[in-house]
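The values are calculated or read from the model by the stated rules, or taken from the named source; none is laboratory data. Please read all numbers here as calculations on a predicted model, not as lab measurements. Quick reminder, even Gly has a Cβ in these numbers, built from the backbone with ideal geometry, and neighbours come from all protein chains shown.
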C-alpha cells in the first residue's frame with residue numbers, strides 16, 4: 001500500500017509517496033518496518049530509506065535507518081521529521097532515536113535537536129535517546 005507524505009522545509013512544501021513492509025532482519029535482531037519514500041515520477045531512482053525496529057516492550061519503535069538516496073536528492077526536504085511524526089500517529093507508538101553509529105551526530109543535530117526545539121520530542125539523558133511526546 002502506498003501513502004502520501006507531505007513535508008515542508010524553509011516554507012517550501014513537498015509531496016512524496018511512501019510504502020513500507022514488515023520483516024525480520026537478523027542485522028537488527030528483530031522485526032523492522034522498512035519504508036521507502038520517493039517523489040512521483042522518480043520511482044525508478046533511489047529512494048529515501050527509513051527503517052524502524054519494533055522494540056521488545058511493545059510500546060516503542062526505534063529509528064535504525066534514515067538515509068537519503070545516493071545522490072542526496074531527498075536531503076533537506078524534511079522527510080525524517082515528517083516520517084517520525086507520521087509513524088508516531090500511524091502506529092500509535094513512541095518513536096525513539098538510536099545513537100552511537102557513524103551518522104549519529106548528523107541525525108542528532110539535523111533531526112532530533114530541531115524536533116526538540118519545536119517541542120515534538122524530548123531527550124532522555126540517562127539512556128541517551130530522544131523520544132516523541
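Take the range 62-86 and flag every residue that is crowded, with 20+ Cβ neighbours inside 10 Å, in contact with a helix residue (DSSP H, G or I) (Cβ under 8 Å, 6 or more places away or on another chain) and at pLDDT 90 or above.
Once the filter is applied, which keeps residues that are crowded, with 20+ Cβ neighbours inside 10 Å, in contact with a helix residue (DSSP H, G or I) (Cβ under 8 Å, 6 or more places away or on another chain) and at pLDDT 90 or above, the range 62-86 yields 63, 80, 81, 84.
So residue 50 fits all but one of (1) outside any strand (DSSP E or B); (2) in contact (Cβ under 8 Å) with a residue 24 or more places away in the chain; (3) within 22 Å of residue 76 (Cβ to Cβ); what number is the exception?
Condition (1) is where residue 50 drops out.
When you check residue 111 against the structure, is it touching a residue at least 24 places away in the same chain (Cβ under 8 Å) and assigned to a strand (DSSP E or B), yes or no?
Criteria not met by residue 111.
Do we have residue 75 as more than 12 Å from the chain's Cα centre (by Cα) and within 23 Å of residue 37 (Cα to Cα) here?
Considered against the rule, which asks whether it is more than 12 Å from the chain's Cα centre (by Cα) and within 23 Å of residue 37 (Cα to Cα), residue 75 comes out as yes.
Among the numbered conditions (1) over 22 Å from residue 12 (Cβ atoms); (2) surrounded by fewer than 16 Cβ atoms within 10 Å (Cβ to Cβ); (3) modelled with pLDDT under 95, tell me where residue 45 comes up short.
Condition (1) is where residue 45 drops out.
Here is a list of conditions, (1) within 19 Å of residue 95 (Cβ to Cβ); (2) touching a residue at least 60 places away in the same chain (Cβ under 8 Å); (3) surrounded by 15 or more Cβ atoms within 10 Å (Cβ to Cβ), and residue 14 meets all of them except one; can you say which number that is?
All conditions are met except number (1).
Which one of 89, 57, 31 is surrounded by fewer than 16 Cβ atoms within 10 Å (Cβ to Cβ) and part of a helix (DSSP H, G or I)?
89
Which residues, taken from the range 94-133, are surrounded by fewer than 19 Cβ atoms within 10 Å (Cβ to Cβ), at pLDDT 95 or above, in contact with a helix residue (DSSP H, G or I) (Cβ under 8 Å, 6 or more places away or on another chain) and more than 11 Å from residue 63 (Cα to Cα)?
120, 122, listed by residue number.
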